[in-house]
Amino acid sequence: MQRRTRETQTHALEGLRKPAEIAIDRWGIPHISAESLPDLFFAQGFNAARDRLWQIDLWRKRGLGLLAAEFGPGFLAQDHAARLFLYRGDMDREWAAYGSPDMRDICEAFTGGINAYVALTERDAQLLPPEFAVLGTRPSRWLPEDVVRIRSHGLTRNAISEVMRANVLAQADEKTDLLRANLDPPTKAKRAEGVDLSALELEALDVFRLALAGVTFTKERLAATLAEAARWSKVNELGEVIEDVAATGSNNWAIHGNRTATGRPIVANDPHRAHAVPSLRYLAHLKCPGFDGIGAGEPAVPGISIGHNGTIAFGLTIFCADQEDVYVYETEKSAPHRYRLRDGGFERMRVIEETVKVKGAPDQRLELKFTRHGPVIYEDAERHLAVSVRSVWGEPGAGAYLASLAVMRAKNFDEFREALKFWGAPSVNMVYGDVDGNIAWLPAGKMPRRPNWNGLLPMPGDGRHEWKDFISPDELPVRFNPKAGFVATANQMNLPPDWPHAELPVGHEWSERSRATRIHEVLQATSGDSIASSCALQTDVTSVPARRLVRLLAGLRGGGKGEAKVALSLLEGWDCALGAESAAAALFEIWWMRHLRPRLLAKLAKSAVLGKLLAPGDIDGMLDALETPDARFGANPERERDALLAETLAQAVEECRSRLGDEPTHWRWGALHHGFFEHALSNLGTASARRLDVGPLPKGGSSSTPMHTGYRPSDFRITHGASVRLVMDVGEWDNSVCVNAPGQSGDPHSPHYGDLAPIWAKGGYVPMLYSAARVEPEIVARIKLVPKS
């Protein structure tokens, strides 16, 4: 039976050439159609503003360093940090670098659509989401280059880890640093003459962290005066989450038809990022003559980066290539804008002065400094030292996910692979499936060649350590229709066993192996795979760390006493699934996260200062240390290890009783562990601001399960997880499913603001409909766009 369609307004818009339409289904997914590609992207931009205006306006102002003009002096330091990482190269080279000859035209059309909606709000303020009224601001118009110049939201790595490693190695050995960041394949960090690791303070990262941070709003920050601006120049642990690969992660796989129940490939993807409302990603269906694709992307970026086009399906996860380097410079005593080169001479930094408008204060001049390698993020006048970061962000074509505009239009694997040669950042694992039955995996992204170091420690910026171009895409591995019948990635080290790391160094810092281990285990053990089985795997809560640790407890059974005996009894025979209703899961996670991990780091670090540097710890590194205890544990390593296990188990039981009651059979992991989508205005503390949040929602899993639900141990609130989930039936596209949490819309007045959160919390999905015959009955609202005469 056909659902009633609610006709909405018709908008006459300047910049639109021919009529277009946005038809919204009952799950909030827009099906956008136009008569040409430019009009399609215009309509996509208009729709992005209609549904996510507050989010994309804040994204632009954060990325361009325009926050202080809107919100005051408390945001000036963040503006300075953001401006350091804008793309400042040649724009002709930039437009040409993505593999799409129409790249500039697309961005002009997309931003034209955004601006058309902004123009509507200028005439009718009722169209504005409520956040603008709360803060007394208005949305701004976009330029096409705004889409590509902002880089600081991209996921590149490993500048922060280089500085952290320098601080650890100034106090301890490389084995200790593996507790912080495991290296795969194993190697030693190359040290360079001219860099005193002990002189590189953690403070050197403040500006870089601030450039990556989200925008936080508090009454104090909004009220800050110019004299107080410097107070808002650091990112604290809960200030806003800095996205790193260990926290974010993602899963994807493609299953060949010879392993599925239907004989057709399945492609699945669930990228993991910080949880918030609105969601980071947005689902959309884009259709015009010559293109018909549906999937997910970021709302401020045209096109889709995950999805299908009716012929091929594609999905991505982060491929942990090392795309950043930290450089340390000796500056000239009498001229700190000059730094020493290897020949003894000095080179002048490029200094750019920019005038910044500041709400409630006079315009301010910001000084931005750049070396030959990149922006200067730290200076120590007393030590005559400066620090900069070189990142692929500075290269043409490194706007995050923008090469998707070429990738999403590929019609076969050869075209897909050719399009990926233009992928800059972030580096990704791409999985692929097509209607001819093929599947594939291949990595993509700019990966620097370092001829004389391995990128694990800061290097002197005197010219001795320079990138030598990038690894050619033709040199990267490809798995096409592998014998295993599937390809799968979860940010693990997945280069071939015979990969020539010395000749083609990609990186050594990857996500823990737990999710990948479980995903491969399930896919290898099953046949007759289906959409349902892939959904089950995306929401699987089996914990590999739990398995590894429970095995270690076998030696304690029979010897446990008191509360430790209670713990051993509860964990005996447990399936290691972190279900929301599981008592054993509650005990295990409290033990592992709040007792065993911190105690292990404290024991092996030997000092409180070093222990803080290692925290929260690398899961593989810590598990390896527990499974193969050495002299760091004491004279009898295994006995000392077992004593640590028993003591912390007893402490965990005591905490469970305190939090969940005396009776262990009544404990539930979901009573503690919960999904919560926090709005940027929530910290203002007002009742109206807190009503913008979505949650709490009981949830199972952890950061180590395929259903990634990484949480902060202080209150068990999930901070990271699947930003969106897609499972695609290649060839029978209407069977595909998806979910976007907490909802599609960023407008709190929309019925689609938080409607998908309960479905997400239960591990559910909604249809990702494609054919007109299936889409049309589900349409609940329609927006007609016509050219303004």
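The values are calculated or read from the model by the stated rules, or taken from the named source; none is laboratory data. The structure displayed is predicted, hence computed values, not measured ones. Here the Cβ positions follow ideal geometry from the backbone for every residue, glycine too, while neighbour counts run over all protein chains shown. The accessibility values were calculated without ligands, DNA or RNA, using every heavy atom of the protein model including side chains. Shrake-Rupley method; radii C 1.70, N 1.55, O 1.52, S 1.80 Å.
Under the shape rule built on the C-alpha gyration tensor, where the axes satisfy a ≥ b ≥ c, the range 1-159 is oblate, since a/c reaches at least 1.5 while a/b does not exceed b/c. Applying the Karplus relation 6.51 cos²θ - 1.76 cosθ + 1.60 with θ = phi - 60° to the range 303-309 yields 3J(HN,Hα) values of x, 10, 10, 9, x, 8, 10 Hz, where x marks Gly and Pro. For residue 565, a cut-off of 13 angstrom between C-alpha atoms picks up these aspartates and glutamates, skipping any fewer than 8 places away in its own chain: 647, 654. For the residue pairs 61/784; 333/468; 421/446; 190/603, the C-alpha atoms sit more than 19 angstrom apart in 61/784; 333/468; 190/603. Using every Cα-Cα pair within the range 543-614, state what percent have a distance larger than 14 Å. The calculated P(r) of the range 543-614 puts 64 percent of pairs beyond 14 Å.
Largest first, the residues 124, 469 sort by 1.4 Å accessible area into 469, 124.
The coefficient of translational diffusion for the range 603-650, derived via Stokes-Einstein from the alpha carbon Kirkwood radius under 10 °C and 1.306 mPa s, stands at 139 µm²/s. Tell me, what % of the accessible area of the chain is carbon and sulfur with a 1.4 angstrom probe? Carbon and sulfur atoms account for 50 percent of the accessible area of the chain. Given all pairs of different Cα atoms, what value in angstroms does the Kirkwood hydrodynamic radius of the range 286-358 take? Hydrodynamic radius (Kirkwood, Cα pairs) of the range 286-358 is 17.9 Å.
With the gyration tensor restricted to C-alpha atoms of the chain, the semi-axes of the equivalent ellipsoid amount to 39, 34, 27 Å, longest first. Solvent-accessible area of residue 513, all protein chains in place: 90 Å² (probe radius 1.4 Å, heavy atoms, ligands and nucleic acids excluded). For the range 576-618, the fraction of C-alpha pairs farther apart than 15 angstrom is 47 percent. Shape of the range 498-625 from its Cα gyration tensor (a ≥ b ≥ c, root eigenvalues): rounded if a/c is under 1.5, otherwise prolate when a/b > b/c, or oblate? Oblate, because a/c is 1.5 or more while a/b does not exceed b/c. Taking one quarter of the surface of the convex hull spanned by the alpha-carbon atoms of the range 117-258 gives a direction-averaged projected area of 16.4 nm².
Residue ranking by accessible heavy-atom surface, 1.4 Å probe, largest first, among 353, 131 comes out as 353, 131.
Working from Cα pairs under 8 Å separated by at least six residues, relative contact order for the chain is 21 percent. Between residue 673 and 699, the built amide H atoms are under 5 Å apart, and every one of these is 5 or more places off in sequence or on another chain. By the Cα gyration tensor, the range 19-78 has an equivalent ellipsoid whose semi-axes, rounded to whole angstrom, run 32, 13, 7 from largest to smallest.
In the complete set of protein chains, residue-level accessible area for residue 348 is approximately 150 Å², probe 1.4 angstrom. Here the extension length gained between residue 332 and residue 203 equals 44.3 nm, from 0.36 nm per residue of separation less the Cα-Cα distance. For residue 359, the amide hydrogen comes within under 5 Å of the amide hydrogens of 69, 70, 71, 72, counting only partners 5 or more places away or on other chains and with H modelled in the peptide plane.
In summary, the lysines within cross-link reach of residue 606, defined as a Cα separation below 16 angstrom excluding same-chain residues under 8 places away, comprise 175. Residue 355 to residue 762: FRET efficiency via 1/(1 + (r/R0)^6), r the Cβ-Cβ distance, R0 56 Å, to the nearest 0.05? Once rounded, the FRET efficiency stands at 0.60. Note on residue 503 and residue 581: the model spin-label points, each 7 Å out from Cα along the C-beta direction, lie 5.6 nm apart. The H on the amide N of residue 304, modeled in the peptide plane, is under 5 Å from the matching H of no residue at least 5 residues off or on a different chain. The order of 334, 391 by accessible area, most exposed first and with a 1.4 Å probe, is 334, 391.
Computed over protein heavy atoms with a 1.4 Å probe, the accessible surface of the chain works out to 37 Å² per residue.
Given +1 at the Cβ of Lys and Arg, -1 at the Cβ of Asp and Glu and no other charges, the dipole of the chain around its Cα centre is 800 debye to the nearest 20.
Please state the shape class of the range 500-575: rounded when a/c is under 1.5, otherwise prolate if a/b exceeds b/c and oblate if not, all from the C-alpha gyration tensor. Oblate. Charges were assigned to the Cβ only: +1 to each Lys and Arg, -1 to each Asp and Glu. The resulting dipole of the range 300-384 about its Cα centre is roughly 220 debye. Here's the list of lysines a cross-link from residue 219 could span, going by alpha-carbon distance under 19 Å and ignoring same-chain residues fewer than 8 apart: 234, 359. Taking θ as phi - 60° and the Karplus parameters 6.51, -1.76 and 1.60, the scalar couplings of the range 211-228 work out to 5, 8, 6, x, 9, 10, 10, 10, 4, 5, 5, 5, 8, 4, 8, 4, 5, 9 Hz in sequence order, x denoting glycine and proline. Can you work out ³J(HN,Hα) from phi for every residue in the range 367-384, in order, using Karplus 6.51 cos²θ - 1.76 cosθ + 1.60 and θ = phi - 60°, giving whole Hz and x for Gly and Pro? So the J values, rounded to whole Hz, are 9, 10, 10, 9, 9, 4, 9, x, x, 7, 9, 7, 9, 10, 5, 5, 8, 6. Ordering 329, 304, 265 by the projection of their Cα atoms onto the charge dipole of the range 260-356, which places +1 on the Cβ of Lys and Arg and -1 on the Cβ of Asp and Glu, puts 265 at the extreme positive end.
Evaluated with a Cβ-only charge set (Lys, Arg +1; Asp, Glu -1), the range 392-493 carries a dipole of roughly 200 debye about its Cα centre, given to the nearest 20.
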